[in-house]
Each structure stands twice: as C-alpha cells, then as structure tokens.
Amino acid sequence: MTTTASDASAPPSSRNTTMRSSSGQLPESGPVTVAVRVKPGATRARVGGRFDGPYGPALVISVNAPAVDGRATEAARRALAEALDVRPRAVELRAGAASRDKLFQVDGLASAIDVRLRRLRDGSAD
C-alpha cells in the first residue's frame, strides 16, 4: 500500500490508500478507493477539481441536489460513476454519508480508473 505524506498523521482506517503490486503497478481489476468532496445545491453539476480534505487529495463533485435525505450523496455517486465510465452499481459509499467529504469504493479496471481520476482531479494523466 502507498500513502501520501499528508496521510501519515491520519488514523490507519481513514488513510487514502491505493493497493499496488510489488512492482508498483495498480492491479488490473479490483476496488479503488476514491476520496470525494461534494458541493450540493450547485447551479451547474460538474465533476473535476481538487480539494485537499481529511482523506487526502479529493475529487470535487458539484451536484444540483440538496444535502437532504442523502440526495446529494446519491447524485454524487451517479456522477462519479459516469465520470469514471463505470456502472452506478460499481460505485459504493464507504464513509461520509452525512459529510461533504466522502470515500467511495469503485469496482472496475483499476489502471483505467486511476488514469481517469487523475485527469479529473489533477488535470493530468501522468
């Protein structure tokens, strides 16, 4: 497992980690944990940008849905699935049901998800 320097002080259960093989490469398939910052009630729905949150660098997702009864979380889950080109059922909330900072687990081709995530979050695929 690899963690970022900013994660070192976080408790082990909340660290933003990605499973890597001994060669440093992401496994071909399996779950990927994605840190997300949700902005509910936005005038324009949008996926993209970076927020340094409690789980490390997070992808910013703005949704039209209000933060009421989990509607913003569900809208963010569906927007994340669409942005990463996976089925909505492949995206599952792992932490942060009542918070703007959330962790989602995404099942799929890990290397492809990682490239798309970096492009959306950081604006690069390197």
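The values are calculated or read from the model by the stated rules, or taken from the named source; none is laboratory data. What you are looking at is a predicted structure, and each value in this text was computed from that prediction instead of being measured. Every residue, glycine among them, receives a Cβ derived from its backbone with ideal geometry; neighbour counts consider all protein chains shown.
Take the residues in region 68-87 that are surrounded by fewer than 22 Cβ atoms within 10 Å (Cβ to Cβ) and β-branched (V, I, T); name whichever of them is farthest from the chain's Cα centre (by Cα).
Result: V68.
In region 68-91, how many are within 22 Å of S111 (Cα to Cα) and outside any helix (DSSP H, G or I)?
5
Answer yes if at least one residue in region 88-108 is closer than 21 Å to P31 by Cα, acidic (D, E), surrounded by 14 or more Cβ atoms within 10 Å (Cβ to Cβ) and in contact (Cβ under 8 Å) with a residue 12 or more places away in the chain, and no otherwise.
Yes, some residue in region 88-108 is closer than 21 Å to P31 by Cα, acidic (D, E), surrounded by 14 or more Cβ atoms within 10 Å (Cβ to Cβ) and in contact (Cβ under 8 Å) with a residue 12 or more places away in the chain.
Scan region 41-60 and give yes if some residue there is surrounded by 20 or more Cβ atoms within 10 Å (Cβ to Cβ) and of a type in the set (D, E, K, R), otherwise no.
There is no residue in region 41-60 that is surrounded by 20 or more Cβ atoms within 10 Å (Cβ to Cβ) and of a type in the set (D, E, K, R).
Yes or no: region 107-118 includes at least one residue that is on the phi < 0 side of the Ramachandran plot, in contact with a strand residue (DSSP E or B) (Cβ under 6 Å, 6 or more places away or on another chain), modelled with pLDDT under 95 and part of a strand (DSSP E or B).
Yes, some residue in region 107-118 is on the phi < 0 side of the Ramachandran plot, in contact with a strand residue (DSSP E or B) (Cβ under 6 Å, 6 or more places away or on another chain), modelled with pLDDT under 95 and part of a strand (DSSP E or B).
Does A65 meet the test of being modelled with pLDDT of 95 or more, over 10 Å from the mean Cα position of the chain (by Cα) and part of a helix (DSSP H, G or I)?
no
Given the conditions (1) in a strand (DSSP E or B); (2) of a type outside the set (D, E, K, R); (3) in contact with a strand residue (DSSP E or B) (Cβ under 6 Å, 6 or more places away or on another chain), report the number of the one that G48 does not fulfil.
Every condition holds for G48 apart from (3).
Confirm whether V36 is at pLDDT 95 or above and either crowded, with 18+ Cβ neighbours inside 10 Å or not aliphatic (A, V, I, L, M) (or both).
Spelling it out, V36 is indeed at pLDDT 95 or above and either crowded, with 18+ Cβ neighbours inside 10 Å or not aliphatic (A, V, I, L, M) (or both).
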